[in-house]
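A short worksheet on the structure shown next.
The values are calculated or read from the model by the stated rules, or taken from the named source; none is laboratory data. The shown structure was predicted, so the numbers you read here are calculated from the model rather than taken from an experiment. Quick reminder, even Gly has a Cβ in these numbers, built from the backbone with ideal geometry, and neighbours come from all protein chains shown. Note: areas computed on protein heavy atoms with side chains; ligands, DNA, RNA excluded. Shrake-Rupley method; radii C 1.70, N 1.55, O 1.52, S 1.80 Å.
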Amino acid sequence: MAQSQNTRVDFTIKATSYHGLTTYGDVMVGDRAFEFYNERNVDDFIQIPWNEVDHVAASVLAKGRTIARFAVFTKGGASFSFSTRDNKRTLRAMREHLDSDQLVR
């Protein structure tokens, strides 16, 4: 089981990860990292510290009203796609830990 990098969790929500096979779990936005944990396999997790996030890109549909999914791009060149039950609330929680130029459409 993974040890969380966060000391405080600001936001948590059910999510889907599209990295490799589609997996379901929870996204946690905390003070130190963005984290995804698979709900069935405790060894399947993604932890991205805020200082390693290059930018976050959102797929916006329907004249800016609906966000289908978003992708987190790291400074190392990796990308991770996610969709949550409320993508707007998730991105607003992430906005507290990122610069405004790191969130793109």
Residue 86 long-range amide H proximity, modeled H, under 5 Å
none
Would you mind calculating the relative contact order of the chain from Cα pairs under 8 angstrom and at least 6 residues apart, reporting the percent as a whole number?
25 percent
Pop out the carbon and sulfur fraction of the accessible area of the chain as a percent, whole number, probe 1.4 Å.
45 percent
Leaving out ligands and nucleic acids, note down the accessible area per residue over the chain with a 1.4 angstrom probe, in whole Å².
61 Å²
Taking the convex hull of the alpha carbon atoms in the chain, what volume per residue do you get, in Å³?
97 Å³
Just want the answer: with Cβ charges of +1 for Lys and Arg and -1 for Asp and Glu, which residue in 80, 45, 103 is farthest toward the dipole's positive end in the chain?
103
DSSP loop GluC sites (Glu not before Pro) in the chain with at most 16 other Cβ atoms within 10 Å of their Cβ, which ones?
39, 96
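Which net charge results for the neighbourhood of residue 32, defined as the other residues with beta-carbon distances under 15 angstrom from its beta-carbon, given Lys and Arg at +1 and Asp and Glu at -1?
Values: positive: 8; negative: 10, 31, 35, 52, 96.
Here the charged neighbours net out to -4.
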Solvent-accessible surface (1.4 angstrom probe) belonging to residue 55, in square angstrom, nearest 10:
50 Å²
